[in-house]
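Student: Structure below; questions to follow.
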Amino acid sequence: MASSVLQYWQKKIAACKNPFVSVSLDGSDAETHEWLRGVQGCYEATLRGVRNLVDAGLKPQLIMTLNRRNCNQVEDFLELAESLGCGSIKFNILQNAGRGEIMHQEGETLTIKELVAINEHLENSLSKSTKLIVFTSHPLAFRPMGRMFGKLGNGCARCGIRGILGVLSDGSYALCGIGESIQELIFGNAARDKLEYIWKESAVLREIRRGGRSS
């Protein structure tokens, strides 16, 4: 039953105009991903979800949040994304919030110098070795102009916060993953709330679309 419902919604998403789904996968192997997520078996479950999306006709994006445990896996992560049939990959910087704050205190986050070096590798080498689009969340000041405005550039990235909605591991609708640590940015749950209602009627989402202006 759950599988058929999931397939139904995957097909509905694929039928949308310009559909886009991103999936967090914080390691190219189960040990790394599950260490970060703290849930045994979640690696294979995530891969199954990505394969289901691809089978439904989507080209999902895989997102890795860089930290000291996975920073040496970027090439393996790329190869995994290619083998799964993804359309792009993205490397995020670990934010100093929620569990990220604990990881920062424990020395699991990367230094600015290390992040710049990884970014240079991604921009100047890795992105040229694949047909996948490679995104980074590094400051634009560290990006080559050719990667932004060249023939194969992807422009000056901007957050699509007004047109996205995240789903957490427990089914909660949230504003990206930040809902893990900020309860006010959780809007409901897929098990009980219709997505259409949340998307159209959530007071917080409506305020964001108005640009934070009060009515």
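Student: Applying 1/(1 + (r/R0)^6) with R0 = 35 Å to the Cβ-Cβ distance of Val39 and Thr130, what FRET efficiency is obtained, to the nearest 0.05? Working shown, then result.
Tutor: Numbers: r = 29 Å, r/R0 = 0.83.
E(calc), rounded to 0.05, equals 0.75.
Student: Could I ask something else about it? Given a cut-off of 21 Å, name the pairs among Lys17/Lys128; Lys12/Lys90; Lys59/Lys128; Lys11/Lys131 whose C-alpha atoms lie farther apart than that in the structure shown.
Tutor: On the way: Lys17/Lys128 29 Å; Lys12/Lys90 24 Å; Lys59/Lys128 19 Å; Lys11/Lys131 25 Å.
Going by Cα-Cα distance, Lys17/Lys128; Lys12/Lys90; Lys11/Lys131 fall outside the 21 Å limit.
Student: Here is a follow-up. If amide hydrogens are placed 1.01 Å from N in the peptide plane, which non-local residues have theirs closer than 5 Å to the one on Thr136?
Tutor: Excluding prolines and chain starts, which carry no amide H, the hits are Phe91.
Student: By how many nm would the segment from Arg210 to Phe20 lengthen if fully extended, with 0.36 nm per residue of separation less the alpha-carbon distance? Don't skip to the end; give the middle numbers.
Tutor: On the way: separation 190, 0.36 × 190 = 68.40 nm, distance 2.26 nm.
Extra length available between Arg210 and Phe20 comes to 66.1 nm.
Student: Give me the extension gain from Ile13 to Gln105: residue separation times 0.36 nm, minus the current Cα-Cα distance, reported in nm with one decimal.
Tutor: Details: separation 92, 0.36 × 92 = 33.12 nm, distance 3.94 nm.
Once the chain is fully extended between Ile13 and Gln105, it gains 29.2 nm.
Student: Leaving out ligands, DNA and RNA but keeping every protein chain, what accessible area does Tyr8 have, in Å² rounded to the nearest 10, with a 1.4 Å probe?
Tutor: 120 Å²
Student: Rolling a 1.4 Å sphere over the protein heavy atoms, what is the accessible area per residue of segment 38-107, to the nearest Å²?
Tutor: Working: 3490 Å² over 70 residues.
Accessible surface, normalised per residue, equals 50 Å².
The values are calculated or read from the model by the stated rules, or taken from the named source; none is laboratory data. The structure displayed is predicted, hence computed values, not measured ones. Because the Cβ atoms are built from the backbone with ideal geometry, glycine has one as well, and the counts that use them run over all protein chains shown. Note: accessible area is taken over every heavy atom of the protein model, side chains too, but ligands, DNA and RNA are not part of it. Shrake-Rupley method; radii C 1.70, N 1.55, O 1.52, S 1.80 Å.
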